[in-house]
Amino acid sequence: MIDFTSMNIRIWSRLGSCGAFGQAALVLPEVEPRTVILTADLCSFSGLERFKGQYPDRLYNVGIAEQNMVGIAAGFAREGFVPFATTYATFASMRSADQVKVNMGYMGLPIKLVGLTAGFSVGVLGPTHMSLEDLAIMRALPNVVILSPADCTATVKATIAAAGIDAPVYLRLTGSMNNPIVYKEDFDFEIGKAIELRQGDDVAIIATGSMVHCALKAAEHLEAMGISASVLDMHTIKPLDITAVEAACKRKLLVTVEEHSIIGGLGSAVAEKLALKTIHPPHLIIGAPDVYPHAGDYVSLLDSCGLTPDKVAGKILETYKELF
């Protein structure tokens with residue numbers, strides 16, 4: 001099994017979420033002996049070179065054929081295997097949408113679809129490779145569990161957790177190499193149960209993926225301005241932790257932050273639940289705007305879309321002052 005030592009956590013952080021997935025993959029055959037992994041010509045990018053060397057009979061490179069990859073994974077699942085299928089998140093959710101709908105959603109086959117580089121992390125390749133719509137697409141499919149880990153430690157946890165459930169899973173990996181560390185030691189990861197990382201009385205920030213670290217830093221900025229903010233890691237987008245959302249509603253302002261379009265993602269999921277409540281606080285949705293950003297490096301894209309700690313804190317402060 002993997003040891004969650006400080007050294008390993010630092011190594012995973014340097015490797016980024018794709019590399020951390022590759023590290024977790026090394027123990028999957030031990031956790032789940034029926035594991036096989038498929039990749040659409042992204043073996044190295046998926047961090048799977050060591051897995052290929054250690055388990056050559058369990059890795060299948062189907063080439064640049066993402067739709068076929070999901071179909072082959074479905075065949076493995078029907079034969080009793082637990083298949084992980086890896087490719088860029090934009091191709092996993094959009095190019096393969098029909099195959100994902102039929103095999104994972106409709107048939108409920110326990111395929112674990114790994115969406116690499118979700119959000120802006122390969123933004124230098126332009127909007128074709130940015131994945132800002134994947135949560136909206138995957139959320140609309142019945143039966144599919146959606147995981148969005150906060151950092152590389154959580155990526156390892158989420159990968160192992162995905163292998164352990166008899167359900168289709170979409171594992172959304174965000175962030176770049178030298179991924180900021182949120183979890184500095186071992187912790188309990190339970191699918192469908194959010195984690196409160198910081199307490200606060202005025203504002204509740206619900207974040208997912210790479211934006212969890214951003215939210216923690218934004219909360220520090222807000223504290224310096226006299227606003228107390230709690231931070232919740234909503235690592236499971238579906239099923240959403242309704243109990244945690246209701247508890248967050250005890251604050252004056254509810255904020256969701258995600259490296260995804262403001263339409264259809266975490267913000268929408270929370271808003272849909274709040275719509276059923278007669279009384280709830282105002283809800284600010286922070287995410288990528290409803291446009292196609294120009295190609296750029298990861299840091300500049302986050303900045304231009306207002307997804308840095310100072311800009312997130314600024315949006316929250318502005319809204320808070322307008323309301324209260």
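A few comments on the model shown:
- Arg58, Arg78, Arg50, reordered so the largest accessible area comes first (probe 1.4 Å): Arg78, Arg50, Arg58
- For His260, residues with placed amide H under 5 Å, excluding near neighbours: Ala288
- Note on Arg50/Lys321: beta-carbon distance plugged into 1/(1 + (r/R0)^6) with R0 of 56 Å gives a FRET efficiency of 0.65.
- Legend: residues Glu246, Glu66, sorted from most to least accessible area (1.4 Å probe; ligands, DNA and RNA excluded), read Glu246, Glu66.
- Mean accessible surface per residue for segment 65-176, computed with a 1.4 Å probe while every protein chain stays in place, in Å²: 29 Å²
- Fraction of antiparallel bridges per DSSP, segment 99-255 only, in percent to nearest 5: 25 percent
- Under 15 Å from the Asn8 label point (7 Å along Cα→beta-carbon), backbone N, segment 163-194: 183-189
- Percent carbon-and-sulfur accessible area, the chain, ignoring ligands, DNA and RNA, probe 1.4 Å: 54 percent
- In the chain, helical runs assigned H by DSSP with n ≥ 4 each contribute -39500 (n - 2.57); averaged across all residues and rounded to the nearest 500, the mean residue ellipticity at 222 nm is -10500 deg cm²/dmol.
- For peptides 96-105, 140-149, sequence by mean Cβ density within 10 Å, most packed first: 140-149, 96-105
- Antiparallel beta bridges, as assigned by DSSP with both residues in the chain, represent about 15 percent of the total such bridges.
- By accessible area with a 1.4 Å probe, ligands and nucleic acids excluded, highest first: order of His235, His283: His283, His235
- Charge tally around Ala219: other residues with Cβ under 11 Å, Lys/Arg +1 each, Asp/Glu -1 each, net -1.
- Residues with amide H under 5 Å from that of Arg198, placed H, sequence gap 5 or more: Val231
The values are calculated or read from the model by the stated rules, or taken from the named source; none is laboratory data. Quick caveat, the model's predicted, so the values are computed rather than measured. So basically every Cβ, Gly included, is an ideal-geometry build from the backbone, and we count neighbours across all protein chains shown. For accessibility, only protein heavy atoms count, side chains too; no ligands or nucleic acids. Shrake-Rupley method; radii C 1.70, N 1.55, O 1.52, S 1.80 Å.
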